[in-house]
Each structure stands twice: as C-alpha cells, then as structure tokens.
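The structure appears below as structure tokens.
The values are calculated or read from the model by the stated rules, or taken from the named source; none is laboratory data. Since we're looking at a predicted model, the values are computed, not measured. Every residue, glycine as well, gets a Cβ built from its backbone with ideal geometry; the counts of neighbours run over all protein chains shown.
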Amino acid sequence: MFCDIISGSAPSRTVYSDETVIGFLDIRPVTRGHTLLVPRDHSARLADLDPEIGGRLFAAGQRVAAAMRSGALAADGVNLVVNDGRAAFQTVFHTHLHVVPRHDGDKLSFAKGLVVRRDPNPDETAEILRAALESDPR
C-alpha cells in the first residue's frame, strides 16, 4: 500500500517529500493534520529499518511537527508514534511515523478521533501543512 503511494500508483495527499521520506495525510486521521511519514526504501518493521534512514525519518517528523505548530493548524503539541508489529497496532507493514497534532484540552476530542477518524476537508488540511512547510527555510 505505502509502496504504491511512494511509486505514485496510488493516490495520496502528500504534504512532505525529500529523497528519503514521503509524508502524506492519514486516510483515517485521529486529529486534523495527522500525517504519516514513510521511508522510500521499504522496511516492514523497526528491526528492518536502516538507522540512518530512521534518523532522516525522525528529522522529517521534527520538521512536520514544527509546521503543525507554526502554521494554521496551530497545534499546541505533537505526538510522534511508531507502531512496531501487530501487537503494537501496526496495520500496514511498511515502517512509518505518525505525526499527530494536539491541542491543549483536546483529550475528549482526541479520544473521539480514535473512533471516528475523519477529516471533513483533507484537501484544505494538506494545503495548510504544505504552506507551513514551504515557509520554513530548512
């Protein structure tokens, strides 16, 4: 599934891209802006992930998290999550980093988001994140 997005044969709302990592909106977001960062080189689990690529994946996570805070999403915080293995709720076996924007006092809406997992306007959300990333000179 993620390999198809990376190759361009499956659709996505891409918000981040470099030579090592691609980032796109989760199709079932916990919160608005929930982004998945995926290494272009396939690895199914953390044990398969080249540590250098893992470092680049995390660096991309820092950059997207900063965009979530500084841009129109105005996040107060960010969760960075890697689910490794079925027991850890990994459902797509291509290593990926969830970047989930959070807002002060959002515990109830966050819990609801775990159940509902919808963004009413994902195209607008993707544009908000791309704009915030473009305004950061890194």
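The table below gives the values:
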{"quantity": "Top-ranked residue of the stretch 6-28 - restricted to ones that are touching a Phe, Trp or Tyr at 6+ places or on another chain (Cβ under 6 Å) and farther than 11 Å from residue 60 by Cα, ranked as surrounded by the fewest Cβ atoms within 10 Å (Cβ to Cβ)", "calculated": "14"}
{"quantity": "Set 82, 78, 38: member being buried (at least 16 other Cβ atoms within 10 Å of the Cβ), aliphatic (A, V, I, L, M) and closer than 18 Å to residue 119 by Cα", "calculated": "78"}
{"quantity": "Residue match in the stretch 47-55 (condition: buried (at least 16 other Cβ atoms within 10 Å of the Cβ), of a type outside the set (A, V, I, L, M, F, W, C) and assigned to a loop (DSSP other than H, G, I, E, B))", "calculated": "no"}
{"quantity": "Sole exception among (1) crowded, with 18+ Cβ neighbours inside 10 Å; (2) outside any loop (DSSP other than H, G, I, E, B) for residue 119, by number", "calculated": "(2)"}
{"quantity": "The one condition in (1) part of a loop (DSSP other than H, G, I, E, B); (2) within 22 Å of residue 13 (Cβ to Cβ); (3) at pLDDT below 95 that residue 113 fails to fulfil", "calculated": "(1)"}
{"quantity": "Condition broken by residue 61, with the remaining ones in (1) more than 14 Å from residue 34 (Cα to Cα); (2) assigned to a helix (DSSP H, G or I) satisfied", "calculated": "(1)"}
{"quantity": "Members of the stretch 1-23 that are free of Cβ contacts under 8 Å to residues at least 40 places away in the same chain, at negative phi and either of a type outside the set (S, T, N, Q) or not in a loop (DSSP other than H, G, I, E, B) (or both)", "calculated": "4, 5, 6, 7, 10, 11, 17, 19, 21, 22"}
{"quantity": "Test for residue 38: is it in contact with a helix residue (DSSP H, G or I) (Cβ under 6 Å, 6 or more places away or on another chain) and either charged (D, E, K, R) or farther than 18 Å from residue 123 by Cβ (or both)", "calculated": "yes"}
